[in-house]
Structure formats: structure tokens, C-alpha cells
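The values are calculated or read from the model by the stated rules, or taken from the named source; none is laboratory data. None of these values were measured; they are calculated from a predicted model. Virtual Cβ from ideal backbone geometry, glycine too; neighbours counted across all protein chains shown.
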Amino acid sequence: MQIDVQTVNIEQKNQTFTHLKKRFGDKKIPSRYQEASYDLQAVENLHYRPTWAPEQELYDPNLSKIRMNDWYDLKDPRQFYYSTYTLNRAKQQETMESNFKTVESLNLIEGMPDPVLAIAQNLLIPLRHASYAANINNTLVCGYGYGTVFTQPCVYHAMDNLGIAQYLSRLGLMIGDVEALEAAKQDWMDSDAWQPLRRSLEDLMCVRDPVEVFIKQNFVLDGLLYPLVYQRIVDQNLVEQGGSGISILTQFMTNWYLESKRWVDSVLKTMAAESAENKVVLEEWVDTAANHFTSVLLPVAGLAVEGNQADELVSEAHDELLQRAKKAGLFK
Amino acid sequence: MSKVFIILQANEETRSIVEAIEQDNPDAEVVHEPAMVKVQAEGSLVVRRETIEEEIGREFDMQELNINLITLSGNVDEDEDALTLTWNS
Amino acid sequence: MDIKKTPKKLNVKEKYRLMTRDLAWEPSYRDEKEIYPYVDYEGIKVHDWSKWEDPFRLTMDAYWKYQAEKERKYYAIIDAHAQNNGHLNVTDARYLTAIKLFLQGISPAEYASHRGFARVGREFAGVGPQVACQMQSIDEIRHAQTQVHAMSNYNKFYNGFKDFASQRDRIWYNSVPRSFFDDAMSAGPFEFLIAIGFSFEYVLTNLLFVPFMSGAAYNGDMATCTFGFSAQSDEARHMTLGLECIKFMLEQDPDNIPIVQKWIDKWFWRGCRLLTLVAAMMDYMLPKRVMSWREAWNIYGVENGNALFRDLARYGIKPPMHWDDVEKSIDHTSHQIMLGLYQWKFGTAFHSWTPTASDIEWLKEKYPTTFEKYYLPRWEYAIAQKEAGGEYNNFGLPKLCQVCQLPTLFTEPDDPTQLCHRETDYEGEKYHFCSDGCQHVFEQEPEKYVQAWLPMPALMQEPLKGDLAAWMEWVSLEPTAAGEYASSEDKANFEKWRKQVSTD
């Protein structure tokens, strides 16, 4: 039976769920982000210890050196839950789809100067493997991190990294078919320019502290790589050399970096503000990783620009990263 | 022989899909239940893109099936032209 | 290399291979064992990860596109449901008990599954299963969230919803799903996939999501029906992942077969015990019925399960060990569980009731060999007590099974007049079980199951020491959320609001 009940005015018993009332009071109706994120993870009376690591708890905040009194302080300023995340990406996906069509129908690749295509081939296509590592690393943080507001965005970030690896693969197929992907993989495996990065990512894939992985991958490495490769080399150097078509096909990466760094910065800031002990650990991670990845990315930048300029671009990216770290409360 | 099946949400979009499946699988049985429609057949069932396109009068991507799919049973093989369900027994 | 080359058109399979499978590389600076430390210890041998087949081949662009479409449809329906007081469209408020159980028990399970799949999506050493598991992980958080959002509107008007987060960890019956998912998550990656991907998703979720959700629609609850069907469309991918995973393990090495068989035996039984709660939901909590638990079992358990196990026979896999015991229990469990919930209704965050005259007629018809003979007399006794002004309660604490954590209220498979009870001594302690199936699971891995958190002993220990009022506070159970449906605030409000509607 369908009855017309729109007009009835009935009084509500509860504004919200109890766990949200405890956190936010019940003056305001909670947002869908709050309903979808807070206190979803089991916290007590966990039944069994993991057979894969019996010294750990099933959800274990002590897997990290970072300590939080409440891990739910690490909120995502974008307030992504599955629905908002997916709708957002679907919109961007549509734009990218039409970007690919535009580049194809205007034959923009055909008309591109050879040096531009060579840079796209040598610099961009191998990065799909680096994005795959970022996918794996974020999946670890989602799996083993503590508290839904911290872990939830990491699965989105992991899937985004997979998406980026796939956009790079499409770009490769467009400029040089399957052979472009094969050559890029060869470079990734063997060429001198890529070995330091590949080695560093293999090292990072062995780290099991979820926050350490988060900081080194999302804050440090991406914080150097994206400004260097997408903002500077692609959007400036390649565009100047007639490679606007490439820039159109990496638009997702540029926008994604700008969007997601607000989240990454906010996590870093909240963790650093929590305690002096956290701050020391975070500074140590950021400092060593920033120096390390800066030197690792130097030969990568060298694939696109001359030695001196590569130095310059990489150290600009390094400075920019340290600025972000300072804004987040580190090194003060 | 074992039965394979595919269950779709019952709505306007799936009417034509179900009709297409019926055309390609004359022996299939269609069962209507509240809010859902089940198509089952002995051994195997095939959902073809071309037939759906003829029914709906536009292009159809096999992955669009995901939107209204509820569940299925059988080993799945999907490519751009068809989705096939089979049991080996 | 000639860079400007016209790309040839790739088919879906080839494109998917390049877009996903080709992204990984063989590490050379670090040993694979350092990157994937948990992939060996269960004894599963994998010789070639690339043999993994992913039949759905979704790349992220397609994933975002189609999932966004599902989300738009879903939220349009629940927004309309909330704006139009859709909760007053349900057949009657008894139905709410089913969705309270769902929010307290199943939604946290969806969340656990999300985290578990993230872990195996990290731990498997092949990019094919990694990506498939990651997609399942993100789908599962979707399910937990869409369920909370759908229930949020019910929570505004009815009791029993608002404390689901603390009740997930504390109230006794939620230990049943909790222990099931904790068991899977504390297992290794391959066992997790058999537990959730295969046994739960492939063999059992159809029973949870298909007939029950069709029933939700039939009972006027479009919000629940929609999240159910929308979730199950992801399950179609997950089930296929579960089936592919099992085939992959079986094809990789003959030594895997006995290990996989052992897991199938365990998780089929664990899953069937968990689903006894769904049996009670189907037979007792849908005021208008679509089909009985027995009928649903015949279609999705027997017919579909047999098809599956006939298919797997080519690998030497046999149907699950306790299949016959499950089959024998199907005509009994929903009644046994509902009688149990009814007599412990003072300690549940949902209401229960005695069946009405028309319920009884339906149950007699659907369970001709068992209901009238074994269960109707007990219901009649409860009804008589109620009519005489008494209440049918059992303040004795139920003895819980060490494995499935349900009260030991089931009967012997071959004698429905005898309660089934099993015991095992392990390191000087006695452990209790509801069945041969659960005892068998325990005896395979006693060192794991002795760790189980049992909510009943917790009530007797510090700091509660058997104080029922203190316990109710500890589990956030308000008296208005518990007890008999007939005298509940939910019923009174629902009827008042409905009346208001029809007189306006």
C-alpha cells in the first residue's frame, strides 16, 4: 500500500546516532560524511589475534610510531565518503574522456614535435609503474591504519593512483601503441635514470608503519613528483614546446594533486600538533625522505631538461615541499 | 545439468535487456518477483550486446549491465560483445 | 623506435591486461618475501600469479562512471524516502526489527570486509588479485555507508538504531557476526578470500540480499530494498572474484586442494550458522512474505550450491563437510532462533513477538513437518502466558557456543526433541559448542578459538558482576528499545502516525 504521507508532521525521537551526538552534540543534524565515517571501525572486544602477526591486535594503533589520542581527529577536509568521492571522480572522468577525444580528433599527437613526444615517452609513461606502487602503499595504509576517517580516504587515494596509472597507459597507447608501454617498462626496469626511484619504491613497499608509508608516499614523494613533473615539466616546458596535447591528457593528475594535498597537509598538521613526540618523528621522516627523494628525482627530471635546469626544478620542488611542511607545523 | 541465472532490478531499463536475453536464449525461463526479474536456463545463458542494442535502439556497453544487475550464478566470461554464464557439469 | 605510430584497436581483454596487469614489475632490489610477507604461511602454493583471471575487467574510468550512476539513483531514493516519511509506508512496524538487526550486525560486517579486502589487496603478490580485492574493498565501504544512511532516517523515529556503534562491540548477539568477520580477518589472505569471497559471497549472500530485499520491497521499504539490490550488484562482481580465486588456488598446485577443502568445510558451516539470524528475519520479521527460508534455501542454497560444487568436482573438491547437517536444520533454525530471541527479549536492542494467527497459518503451510509438531506448542505456551498477564522470559543466561557465539539452542540433527550440546577439553578448560560443525572448527584451531571474547562471561565478571541494569547501561540498551513488540513505543508511535495520515 502506498499512502500519501508527505503532509504529516511528526516529531522526531532522535536527531542523530549516539556516537555522533557524543562527538558533535545534537544541535545540528550530522552530515552524511559524519554518519559515513565516524566510529565505524570496531574498537573493543576484538575476538582473535591475527594469525599472520600474533603480537598485533586486529585493529592496532601501535603499528605506527605516531600516537593519537583520537584517530578520528584526522578528518578529511574534502569530506569524501564513497558517494561524494565517486560522483566527483565520475565528473572528472567525463572531462578526461572528452580530453582524450579532443586530442584524438584534432590529431594533436600527430602534430607534436618529436622532442615533446620523446619526453612524454621517456618521462611520463614509466611513471605508471610509480603510480602502481603508490596504489599498493595507500592500500596498506587503508588496511592497517587506525580509525575510519584516516583510513577511508586512503582507499580512495589508492584507486586514484590506479586511475592515474591507467590514464598514463592510455597516453602511452596513444603516442606509441603497445610498444610505448613495453619500452617504458624496459626503462623502468633497466635505465639508469629510473633505478633510484624504483629502488626507493621497493624499499617503501617493505615499510609496515602505516603513517610512515602515508607520509613518505603521499606527502613527500608525491609532493615532489607532481609539482616537478606535471606542474613544471608538462604544464610549462612541454606546453612551451608545443605539447599542449600532453598537458590536456594529464589534467586529471594536476587537479588531483591540488585537491588531495589539502587532505594530506591537514593530516600532517593534525598529527604534528598532537604532541612533541609526534612532531619529532614526522620531522625525521619528512626530512630524510625529502632529501632522499629529491636526489632520486634528479635523474628523472634529467629526462626532460638539461642538467642545470633539472637541478633548479628539483630544488624548487624541494623548497615548495618544505614550505608545506612548515605550514603544517614542522621544523619550527 | 545445473541452472545458471542472472537477476536484474525490475525497471524500464531492464525490460529491453530481459527481452534481448529471451531472444538469444529461447529456452530460458523468466521469473518475476517483487522489484526483481530472474532469467534462468539449464547449463548456460548468453547476454549479447547486439541484441540489446537492437532492442534499445542505441549503443550499449556490456559494462552498463552493472548498473541494474542484482546477482548471477555460473562461471562468467565477459568481453565487449557478450556476457556468458556456464556451469561445467 | 618510431614514436608516431597509429594505435591498433585493442579488445577489452588486451586493454585490461595493459592497463592493470602490466603495471606491476618483478622487484629486483628487494626480495618479494619482504614486500609480501604473509603470502606463504598458510601453505598455499602459487607458481604463476599471472594465471589469475578477472572476468569483469573494470578499469577505474568505467568503475567511477557506473558506480556514480548507481549512487545517484540510490541517494535519490533515500532522499525521497526521508522527505516523504517513507517509514510510514512499511507494512507494519514489526518489520523494523529486521532492519535493526541489519544495522547492528551486517553493516559493521560490511565495514570489516572493507578493511579485510584492503589488507588482502595489499598482501597478494599479483596485481590481478590485488586490484580485484581493492575494488571489493572500496565497494564494501560503500555498502556500510549506504546502509547507515538508509537507517539514519529510521533512527529519527524509532528505538533500537541509535547505539549501533557501541552495540556492535558489546551486545551479545552481535558477537555472532563480529566473531565471524574477526575470524576471517585474523586468518591469512587466502583463507580470508575463501571465507568472505567464496563461502560468504558466493554461496551465501544471495540468501541475504536477494529474497530478503525483495521482501523489503514487498513490505514497502524501498530504502532498504534499494541499498540491498544496489549492494548486490557489486556482489555479482565479488562473487565472481570469490569463484575465480578458488579456481586459481586449485589450479596452481594439487597440494592446495586439501587446504582449500578444509576452509570450505569450515566457512560453509560458519556462514550457515551466521545465516540462522537471516532465517529468523525471513520467516518471522517480514510481515508480508515473499518466500520462506526453506524456499530460499532450496533455490539459493541447494540448487545453486549443488551447481557450484558439481562444477568444482573436476578439481576434486567435495561438497562441504557438514552440508547434511545444514540441510536437516533448515526446517528448524528460524523457529529456534526466534523463540530464543523472544525469551531473551529483555536483552536485545530490537523487539520480538509471538506469531499472529495468520503468521501461524503461514508457518504451518511452509513448514508442514516441523512447525506444528515442535514449535507451535512452545509459541502457544508463550501466548497463553502473555494472555494470563505474565511474560515469557528466560532470565537464565544463554550458554554461548565457543565458535559461532550463538546460544546453544539448536537441536540434534536427527532428533529435534534433543538440544544439541558438545564439549571439548583443551588445556584444562572445558569449551561448549552448539553443534558438531562448530566443535569441528574449534578442534582444527583450538589456540585461536580459546581467544574468543564471550559476552556472557563478561557480564558475570568485573566490573559488571552480573548486574543486569549495569550491563544494560554498558551496552547502551534503553528499556524502550528492548522487549515485547506489542507494548512497545515503536508500535504505538507507528500506529498513531499512520492514523494521523489516514485522517488528514
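Miscellaneous remarks
- Restricted to helices (runs of 4 or more DSSP H) entirely inside the range C:206-312, those with at least 2 residues that are within 13 Å of chain B (Cβ to nearest Cβ) are C:222-252, C:293-296, C:304-312.
- Screening the candidates A:129, A:157 for the property of being in contact with a Ser or Thr (Cβ under 7 Å, 6 or more places away or on another chain) and either more than 9 Å from chain C (Cβ to nearest Cβ) or assigned to a helix (DSSP H, G or I) (or both) yields one hit, A:157.
- Whenever a residue of the range C:9-23 is more than 7 Å from every other protein chain (Cβ to nearest Cβ), its partners that are assigned to a helix (DSSP H, G or I) and surrounded by 21 or more Cβ atoms within 10 Å (Cβ to Cβ), lying with C-beta atoms within less than 7 angstrom and at least six residues away or across chains, give the pairs C:20/C:127; C:20/C:131; C:21/C:127; C:21/C:128.
- Residue within the range A:23-42 that is of a type outside the set (A, V, I, L, M, F, W, C), in a loop (DSSP other than H, G, I, E, B), more than 26 Å from residue A:156 (Cα to Cα) and in contact with a helix residue (DSSP H, G or I) (Cβ under 9 Å, 6 or more places away or on another chain) present: yes
- Of A:145, A:163, A:223, all but one fail to be crowded, with 24+ Cβ neighbours inside 10 Å and over 17 Å from residue C:138 (Cα atoms); the exception is A:223.
- Conditions (1) out of contact with any Lys or Arg (no Cβ under 8 Å at 6 or more places or on another chain); (2) part of a loop (DSSP other than H, G, I, E, B); (3) closer than 29 Å to residue C:41 by Cβ; (4) of a type in the set (S, T, N, Q): number failed by residue A:138: (2)
- Only one of A:71, A:52 that is surrounded by 17 or more Cβ atoms within 10 Å (Cβ to Cβ) and out of contact with any helix residue (DSSP H, G or I) (no Cβ under 7 Å at 6 or more places or on another chain): A:52
- The selection criterion, being free of Cβ contacts under 8 Å to residues at least 60 places away in the same chain, among the aliphatic types (A, V, I, L, M) and more than 30 Å from residue A:80 (Cα to Cα), does not hold for residue A:264.
- Restricting the range A:192-229 to residues that are in contact (Cβ under 8 Å) with a residue 12 or more places away in the chain and not in a helix (DSSP H, G or I), the residue that is farthest from residue C:24 (Cα to Cα): A:209
- Summed over the range B:1-25, residues that are closer than 12 Å to residue B:70 by Cβ and small (Gly, Ala, Ser) total 1.
- Residues located in the range C:472-494, provided they are more than 23 Å from residue C:390 (Cβ to Cβ) and either small (Gly, Ala, Ser) or in contact (Cβ under 8 Å) with a residue 24 or more places away in the chain (or both): C:474, C:475, C:476, C:478, C:493, C:494
- Single residue of the range C:483-504 satisfying the filter (among the aliphatic types (A, V, I, L, M) and not in a loop (DSSP other than H, G, I, E, B)) that is surrounded by the fewest Cβ atoms within 10 Å (Cβ to Cβ): C:492
- Selected residue (criterion: farthest from the other protein chains (Cβ to nearest Cβ)) from residues of the range C:147-190 that are farther than 26 Å from residue C:480 by Cα and not small (Gly, Ala, Ser): C:190
- Residue tally, condition more than 10 Å from chain C (Cβ to nearest Cβ), farther than 19 Å from residue A:305 by Cβ and in contact with a helix residue (DSSP H, G or I) (Cβ under 6 Å, 6 or more places away or on another chain), over the range A:104-126: 1
- Any hit, the range C:46-60, residues being surrounded by 21 or more Cβ atoms within 10 Å (Cβ to Cβ), in a helix (DSSP H, G or I) and of a type outside the set (A, V, I, L, M, F, W, C): no
Per-residue answers, yes or no, for (1) on the phi < 0 side of the Ramachandran plot; (2) within 7 Å of another protein chain (Cβ to nearest Cβ); (3) buried (at least 16 other Cβ atoms within 10 Å of the Cβ); (4) not basic (Lys, Arg):
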| site | (1), (2), (3), (4) |
| --- | --- |
| A:13 | yes, yes, yes, no |
| A:17 | yes, yes, yes, yes |
| A:26 | yes, no, no, yes |
| A:32 | yes, yes, yes, no |
| A:37 | yes, no, yes, yes |
| A:44 | yes, yes, no, yes |
| A:47 | yes, yes, yes, yes |
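- The range C:374-398, residues that are free of Cβ contacts under 8 Å to residues at least 24 places away in the same chain and surrounded by fewer than 16 Cβ atoms within 10 Å (Cβ to Cβ): C:377, C:380, C:381, C:384, C:385, C:387, C:388, C:389, C:390, C:396
- The strands (runs of 3 or more DSSP E) located wholly in chain B that include 1 or more residues which are at the interface with chain C (Cβ under 9 Å from one of its Cβ atoms), among the β-branched types (Val, Ile, Thr) and touching a helix residue (DSSP H, G or I) at 6+ places or on another chain (Cβ under 8 Å) occupy B:3-9, B:69-73, B:75-78.
- Scan of the range A:90-126 for residues that are polar (S, T, N, Q) and not in a loop (DSSP other than H, G, I, E, B), ordered by number: A:92, A:93, A:95, A:98, A:99, A:102, A:105, A:121, A:122
- Any hit, the range A:76-97, residues being away from chain C (no Cβ under 12 Å) and either modelled with pLDDT under 95 or buried (at least 20 other Cβ atoms within 10 Å of the Cβ) (or both): yes
- Within the option set C:418, C:444, C:451, being within 22 Å of the chain's Cα centre (by Cα), at pLDDT 95 or above and not acidic (Asp, Glu) holds for one residue only, C:451.
- Residues that are of a type outside the set (A, V, I, L, M) and either more than 11 Å from chain A (Cβ to nearest Cβ) or farther than 19 Å from residue C:257 by Cβ (or both), drawn from the range C:34-50: C:34, C:36, C:37, C:38, C:43, C:45, C:47, C:48, C:49, C:50
- Every residue from the range C:89-105 that is within 12 Å of chain A (Cβ to nearest Cβ), surrounded by 19 or more Cβ atoms within 10 Å (Cβ to Cβ) and closer than 11 Å to residue C:498 by Cα: C:89, C:90
- For the range C:451-463, residues that are within 13 Å of chain A (Cβ to nearest Cβ) and over 26 Å from residue A:54 (Cβ atoms) total 1.
- Any hit, the range A:215-238, residues being more than 29 Å from residue A:91 (Cβ to Cβ), at pLDDT 95 or above, within 14 Å of another protein chain (Cβ to nearest Cβ) and touching a Phe, Trp or Tyr at 6+ places or on another chain (Cβ under 6 Å): no
- Single match in A:169, A:191, A:200, A:244 (criterion: over 27 Å from residue A:289 (Cα atoms) and surrounded by fewer than 23 Cβ atoms within 10 Å (Cβ to Cβ)): A:244
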